[in-house]
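Peer 1: Dumping the structure here so I can ask a few things about it.
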Amino acid sequence: MPTRIRAIACRVLTALIVLLALPIAASAQKSDEDRVEFGHNIIVESGQTSGDISCFNCSVYVRGRANGDIVAFGGRVDVEGSVKGDVVAFWGTVRLEDQAQIGGDVVVLGGTLRRAATAAIHGDTVAFGRIWVLVPVVLLVVIFWLIIALIVWLATRNRRAPVPGQTVRQL
């Protein structure tokens with residue numbers, strides 16, 4: 001009996017090891033998985049690949065290959081390798097180093113685009129500095145406050161101030 005129990009325990013242990021090893025092997029094969037970070041930089045090293053990358057209040061450094069799009073809010077995007085899709089930076093900088101390859105468009109809103117002479121962009125390039133992003137926002141705030149001032153003026157224009165010495169009748 002003890003040998004039979006030992007054989008069953010050995011089989012159970014082997015099955016448990018295989019079940020635990022499968023997710024590790026599967027995660028090692030997912031080199032093109034999408035990455036999203038908040039406040040932590042994303043680095044794709046040389047020889048590595050990645051899928052879509054989204055970064056909020058952080059920066060993206062691509063030395064390898066990104067097979068998707070890159071979006072950075074409040075951070076910079078440095079590309080030394082290649083990006084198959086688009087690169088978008090809102091309130092940040094895009095820097096394309098020597099031999100960088102961008103398969104799609106490059107859009108920079110509220111920042112700057114720095115491009116080496118040997119960097120290639122196969123799509124369109126759009127870059128608006130910070131002033132061009134702030135102007136519409138400031139205009140919207142001014143229009144909003146003017147509308148509020150108009151509403152307050154319309155609501156209070158027919159009110160008369162009481163004359164000193166005059167009693168106010170209560171209804």
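Peer 1: If you take the residues in the stretch 80-109 that are in a strand (DSSP E or B) and small (Gly, Ala, Ser), which one is surrounded by the fewest Cβ atoms within 10 Å (Cβ to Cβ)?
Peer 2: First pass over the stretch 80-109, keeping only residues in a strand (DSSP E or B): 82-83, 87-90, 94-96, 101-102, 106-109.
Retained after the next criterion (residues that are small (Gly, Ala, Ser)): 82, 89.
Numbers: 82: 18, 89: 28.
Here the answer is 82.
Yes or no, residue by residue, for (1) modelled with pLDDT under 90; (2) among the acidic types (Asp, Glu); (3) surrounded by fewer than 16 Cβ atoms within 10 Å (Cβ to Cβ); (4) outside any strand (DSSP E or B):
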| site | (1), (2), (3), (4) |
| --- | --- |
| 46 | no, no, yes, yes |
| 61 | no, no, no, no |
| 68 | no, no, no, yes |
| 78 | no, yes, no, no |
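Peer 1: So for the stretch 26-40 (the condition being small (Gly, Ala, Ser), at pLDDT below 95 and crowded, with 16+ Cβ neighbours inside 10 Å), does at least one residue qualify? Don't jump to the end; show me each part of the working.
Peer 2: Keep residues of the stretch 26-40 that are small (Gly, Ala, Ser), which gives 26-28, 31, 39.
The next check asks that each one be at pLDDT below 95; those that pass are 26-28, 31, 39.
Adding the requirement that they be crowded, with 16+ Cβ neighbours inside 10 Å leaves none.
The answer is no; no qualifying residue exists.
Peer 1: How many of the residues making up the stretch 48-59 are farther than 21 Å from residue 128 by Cα, under 16 Å from the mean Cα position of the chain (by Cα) and assigned to a loop (DSSP other than H, G, I, E, B)? Steps first, answer last, please.
Peer 2: First pass over the stretch 48-59, keeping only residues farther than 21 Å from residue 128 by Cα: 48-53.
If we keep only those that are under 16 Å from the mean Cα position of the chain (by Cα) as well, we get 50-53.
Cutting the leftovers down to assigned to a loop (DSSP other than H, G, I, E, B) gives us 51-52.
So the count comes out to 2.
Peer 1: Taking the criterion of being assigned to a strand (DSSP E or B) and touching a Phe, Trp or Tyr at 6+ places or on another chain (Cβ under 9 Å), would at least one residue in the stretch 125-147 satisfy it? Can you show your working first?
Peer 2: If we filter the stretch 125-147 for residues that are assigned to a strand (DSSP E or B), which is where we start, we get 125-128.
Pick out the ones that are also touching a Phe, Trp or Tyr at 6+ places or on another chain (Cβ under 9 Å) and you get none.
No, the stretch 125-147 has no match at all.
Peer 1: Kindly evaluate residue 151 against the criterion of being hydrophobic (A, V, I, L, M, F, W, C) and modelled with pLDDT of 95 or more. It would help to see each step written out before you state the result.
Peer 2: On the way: hydrophobic (A, V, I, L, M, F, W, C): yes; modelled with pLDDT of 95 or more: no.
No.
The values are calculated or read from the model by the stated rules, or taken from the named source; none is laboratory data. Every value quoted in this text rests on a predicted model; they were computed, and no experiment measured them. Ideal geometry is used to build each Cβ from the backbone, glycine not excepted, and the neighbour counts take in all protein chains shown.
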